[in-house]
1. Among the residues of the range A:23-34, are any more than 30 Å from B:LEU34 (Cβ to Cβ) and of a type outside the set (A, V, I, L, M, F, W, C)?
2. Can you tell me which of A:LEU44, A:LEU39, A:LEU80, A:LEU27 is over 15 Å from the mean Cα position of the chain (by Cα) and under 21 Å from B:PHE130 (Cβ atoms)?
3. If a residue has to be outside any helix (DSSP H, G or I) and either of a type in the set (Val, Ile, Thr) or more than 11 Å from chain B (Cβ to nearest Cβ) (or both) to count, how many in the range A:86-115 make the cut?
4. Just to be sure I understand, how many residues within the range B:53-90 are within 25 Å of the chain's Cα centre (by Cα), within 8 Å of another protein chain (Cβ to nearest Cβ) and part of a helix (DSSP H, G or I)?
5. From the list B:GLY111, B:GLY141, B:GLY61, pick out the single residue that is touching a Lys or Arg at 6+ places or on another chain (Cβ under 7 Å) and over 30 Å from B:TYR36 (Cβ atoms).
6. Take the residues of the range A:71-115 that are of a type outside the set (A, V, I, L, M, F, W, C) and open to solvent by 80 Å² or more (accessible area, probe 1.4 Å): which is modelled with the lowest pLDDT?
7. Mind checking which residues of the range A:65-114 are under 17 Å from B:ALA38 (Cα atoms) and in contact with a Lys or Arg (Cβ under 8 Å, 6 or more places away or on another chain)?
8. Please verify whether the range B:20-27 includes one or more residues that are within 11 Å of chain A (Cβ to nearest Cβ), open to solvent by less than 40 Å² (accessible area, probe 1.4 Å) and either under 25 Å from the mean Cα position of the chain (by Cα) or under 18 Å from A:LEU28 (Cα atoms) (or both).
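The values are calculated or read from the model by the stated rules, or taken from the named source; none is laboratory data. Nothing here was measured: the structure is a model prediction, and the numbers come from that model. Reconstructed Cβ throughout: ideal geometry from the backbone, glycine too, with neighbour counts over all protein chains shown. These accessible areas exclude ligands, DNA and RNA; they are computed on the full protein's heavy atoms, side chains included. Shrake-Rupley method; radii C 1.70, N 1.55, O 1.52, S 1.80 Å.
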Amino acid sequence: MLKLEPIVWPLFGLGMLVGGLLYPAFLLVATLAQPLGVLSADALSFERAHALASHPIGRVVLAAAIAFPLWAGAHHVRHLSIDLGGIARDAWFGALCYAVALAGSVLAVMAVVRL
Amino acid sequence: MRARVDAMKSSRPPRTRTADPTPPPNFWRRGNYLPYIAFGSCGLLLFAVGFGLLRLVWTLGSGDPAAWNAIFESYGHPLYLAFHAFALVALTWFTFRFFRLFPKTQPPKLGPLPRPPDSVFLLGLGGAFFVATTLASLVLGGALP
């Protein structure tokens with residue numbers, strides 16, 4: 001696990017920044033305002049969302065907004081496990097956390113490529 | 001040539017073994033540990049929101065408007081609304097706690113310049129949060145093309 005730290009640390013830092021800057025707006029607009037009917041029906045219609053997401057800038061933003069926070073999440077959950085349960089299971093649990101983040105990152109790239 | 005991490009490790013167990021370090025029971029309820037543990041727990045929310053966003057983008061790529069609309073209809077369920085409201089509050093708190101911690105992670109010198117005061121970092125990061133949140137909300141909300 002120690003050998004992974006130099007790779008994971010920048011992804012973790014970027015994930016905190018990207019997630020912190022983008023997730024509150026996403027949660028506020030897409031998951032709260034839209035279902036509560038605050039927005040117009042067209043704001044997040046399939047056609048508009050697809051046009052936004054498939055733009056080159058949209059693809060980069062979306063890939064970053066999915067992948068980096070997963071690494072931040074993995075690092076936090078790994079350290080939460082160490083804090084609450086000790087270091088004994090870190091070898092497999094830490095590997096599992098990073099494997100989930102890696103799988104999610106690969107899927108994120110695939111998702112924006114197939115738009 | 002670099003030394004191995006375990007280069008100084010004894011070849012055999014020492015005479016007196018100490019137990020692995022473990023925190024005292026219920027340590028997380030004491031002092032500042034509770035916000036520290038809550039901050040770490042926000043990693044679970046980052047996982048949840050990240051995979052939720054992945055699901056949305058994957059559905060967009062499938063080219064099925066009905067599936068897209070079904071996701072947003074499901075977001076109207078009270079449990080989803082409660083979870084998303086909680087995630088919004090928790091991740092906003094998480095972000096500003098991260099902003100407060102960020103200056104402490106910076107070296108005393110940034111290139112040739114001394115590290116600016118913490119308030120400069122806080123202002124910059126807070127400003128970035130305000131701009132990013134406003135811009136993303138306007139774009140997602142349909143006010144900007």
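1. So far as the range A:23-34 goes, yes, one or more of its residues are more than 30 Å from B:LEU34 (Cβ to Cβ) and of a type outside the set (A, V, I, L, M, F, W, C).
2. Of A:LEU44, A:LEU39, A:LEU80, A:LEU27, the one residue that is over 15 Å from the mean Cα position of the chain (by Cα) and under 21 Å from B:PHE130 (Cβ atoms) is A:LEU39.
3. 2
4. Counting residues in the range B:53-90 that are within 25 Å of the chain's Cα centre (by Cα), within 8 Å of another protein chain (Cβ to nearest Cβ) and part of a helix (DSSP H, G or I) gives 12.
5. Numbers: B:GLY111 fails: touching a Lys or Arg at 6+ places or on another chain (Cβ under 7 Å); B:GLY141 fails: touching a Lys or Arg at 6+ places or on another chain (Cβ under 7 Å).
Residue meeting the stated conditions: B:GLY61.
6. Restricting attention to the range A:71-115, the residues satisfying the condition of being of a type outside the set (A, V, I, L, M, F, W, C) are A:73, A:75-76, A:78-79, A:81, A:83, A:85-86, A:89-90, A:94, A:98, A:104-105, A:114.
From the residues that got through so far, the ones that are open to solvent by 80 Å² or more (accessible area, probe 1.4 Å) too are A:89, A:114.
Details: A:ARG89: 87, A:ARG114: 93.
The residue in question is A:ARG89.
7. Residue satisfying the conditions is A:SER81 alone.
8. Scanning the range B:20-27, I find at least one residue that is within 11 Å of chain A (Cβ to nearest Cβ), open to solvent by less than 40 Å² (accessible area, probe 1.4 Å) and either under 25 Å from the mean Cα position of the chain (by Cα) or under 18 Å from A:LEU28 (Cα atoms) (or both), so the answer is yes.
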